[in-house]
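Novice: Input: one structure, supplied below.
The values are calculated or read from the model by the stated rules, or taken from the named source; none is laboratory data. The shown structure was predicted, so the numbers you read here are calculated from the model rather than taken from an experiment. Using ideal geometry, Cβ is built from the backbone for each residue, glycine included, and neighbour counts are taken over all protein chains shown.
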Amino acid sequence: MRIVLGALSAAVALLLVACSDGGDSDEPDQSTPGGVTATFDQGSIRQDIEFLDTGLLKGHSYADAADEWTVEGVNVEAELDDGTTWGVIEIPEEGDADYITFFEVQVGELPRGEQVTVRTTAFFIDTDGSTTEQTVADTWPP
C-alpha cells in the first residue's frame, strides 16, 4: 500500500510540474511551478525543475551574460526550511545559453508538508575583472 501511495504521489507531482507554464519574471526569487527566470544587470538566469524520478528531482539551469559580462560558472544547491542541505549532482552541458548545467537533487524522503528550495547561483565577471553572483530559487513540490 505504501509503495502504491508513493508512486501515486510521484505521478501527481510529475503531472503538476509537466502542466506548469514555467513562468517568467524580471524579479529574482519569484517561484513558479516548474521554473523560474530572472534578469539582472549582469545577465539572466533560468532554472527549470523538469522531472521527478525515484528519489531524484531533475532539471537544468541556464545563465546568459549581458554585454561586457561573461558567465564564470553556475552552482546549484538544495535545502529544506530547517537548513538541512540535500545532495546535488551537476553536469555541465553544451547548448544555446552561455552556461548550462543539468542537475539532480537527491531528495530521498521529503517530510510531509515540507518543501525543498533549489537555488541556482551564477557567477558573472565583467571586462574589468569585477565579479558578482546572482541567485534564483524555486521550491518543490510547487
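Novice: Take the range 107-123 and flag every residue that is within 18 Å of Ile89 (Cα to Cα) and of a type in the set (D, E, K, R).
Specialist: Glu109, Arg119, listed by residue number.
Novice: Ok, one more. Enumerate the pairs (first residue in the range 112-133 and under 15 Å from Tyr99 (Cβ atoms); second residue anywhere and among the basic types (Lys, Arg)) with beta-carbon separation below 9 Å, excluding pairs fewer than 6 apart on the same chain, so at least 6 apart or on different chains.
Specialist: Filtered contacts from the range 112-133: Thr120/Arg46.
Novice: Next up: Go through (1) within 21 Å of Glu109 (Cα to Cα); (2) buried (at least 16 other Cβ atoms within 10 Å of the Cβ); (3) at pLDDT 75 or above one by one and return the number of the condition Ile45 breaks.
Specialist: Evaluating Ile45 over (1) within 21 Å of Glu109 (Cα to Cα); (2) buried (at least 16 other Cβ atoms within 10 Å of the Cβ); (3) at pLDDT 75 or above leaves (1) as the failure.
Novice: Please state which of the following conditions Gly23 fails to meet, knowing it meets all the rest: (1) in a loop (DSSP other than H, G, I, E, B); (2) modelled with pLDDT of 50 or more.
Specialist: Condition not satisfied by Gly23: (2).
Novice: Name every residue in the range 114-134 that is closer than 22 Å to Leu56 by Cβ and of a type in the set (Val, Ile, Thr), in order of residue number.
Specialist: Those that are closer than 22 Å to Leu56 by Cβ and of a type in the set (Val, Ile, Thr): Val116, Thr117, Val118, Thr120, Thr121.
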